[in-house]
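Bear in mind these aren't lab numbers, they're just calculated from the coordinates by the rules spelled out. What you see is a predicted model; the values in this text were computed from it and never measured. Counting neighbours? That spans all protein chains shown, and the Cβs are built from the backbone with ideal geometry, glycine included.
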Amino acid sequence: MLSDPENLEYLKLHSLVDFSSKLVLEIGSGDGRLTELYHDVAQSIVGIDLDFDDLQIAQEDALDNVNLLMANAFILPVRINTMDVVLFARAL
Amino acid sequence: MVHALTEAWRVLKPDGLLIDLRPIRSNQEILLTTDDNSQHIAYYTDAYRHQNDLSANDAIETALSENLFAYQSQADFPFIRHFDTAQEFRDYCANRYPPLTISDAIFDQLAPADTSPEIQVTFTTKNSLKCYQRLNLA
């Protein structure tokens with residue numbers, strides 16, 4: 001399977017959002033496919049998901065500025081007023 | 001879902017950005033494609049996921065009405081998946097959770113992709129990317 005051959009998701013995401021030096025919480029980070037589209041410019045990313053298998057896949061890539069947690073969106077494991085961006089990745 | 005948005009509001013800095021990126025699971029298009037042509041086969045609406053989409057829309061509307069966030073911008077774009085064979089597309093549908101319930105009649109129409117290497121199955125889903133700014137009073 002070939003997905004998004006024209007990289008429209010990357011282009012649209014970066015056309016609307018400036019991730020530069022941002023602290024990002026990605027809800028539904030899954031296997032990290034979306035995280036890879038912007039991790040190189042973000043300062044730090046917390047990715048949360050409920051799927052352990054997907055989190056393991058994402059962990060294999062071990063991106064330096066990405067921390068992965070098993071958590072749900074109803075009790076976010078993040079302090080108040082700390083994130084620049086909260087990204088619901090197919091999770092809302 | 002509203003509670004999840006309230007949580008997002010809690011953890012965001014003042015003026016932080018909420019991004020809602022998700023596929024629109026109605027009228028997803030199934031096509032047979034070659035390098036030069038495309039042939040529409042069917043539209044597919046995933047009833048279960050489409051209902052989730054509507055609930056998410058309602059949650060966003062509630063969060064906006066409660067002045068947690070303000071709409072900022074959006075972009076819609078097609079998310080395209082190409083499959084070399086109909087069988088590959090069938091496996092993709094079966095492995096989704098919950099599975100995509102596409103009829104055998106539609107798969108029958110995709111059979112040429114199993115016999116002609118130049119023909120692919122293309123599955124196109126409209127994606128919605130919306131940005132909201134966190135408001136400081138709630």
* Only one of these conditions is not met by B:S73: (1) more than 10 Å from chain A (Cβ to nearest Cβ); (2) exposed (fewer than 15 other Cβ atoms within 10 Å of the Cβ); (3) of a type in the set (G, A, S); (4) in contact with a strand residue (DSSP E or B) (Cβ under 8 Å, 6 or more places away or on another chain). Which number is it? -> (1)
* Asked: Is it the case that some residue within the stretch B:70-80 is touching a Pro at 6+ places or on another chain (Cβ under 8 Å), closer than 30 Å to B:L12 by Cβ and in a strand (DSSP E or B)?
  -> yes
* Residue that is farthest from B:L32 (Cα to Cα), among those in the stretch B:78-104 that are of a type in the set (D, E, K, R) and within 11 Å of chain A (Cβ to nearest Cβ) -> B:D91
* Structure fact -> Those strands (runs of 3 or more DSSP E) completely within the stretch A:35-92 that have 3 or more residues that are among the β-branched types (V, I, T) and surrounded by 14 or more Cβ atoms within 10 Å (Cβ to Cβ) are A:44-49
* To do: Output yes when any residue across the stretch B:44-56 is farther than 22 Å from A:V85 by Cα, within 12 Å of chain A (Cβ to nearest Cβ) and either of a type outside the set (S, T, N, Q) or buried (at least 20 other Cβ atoms within 10 Å of the Cβ) (or both), and no when none is.
  => yes
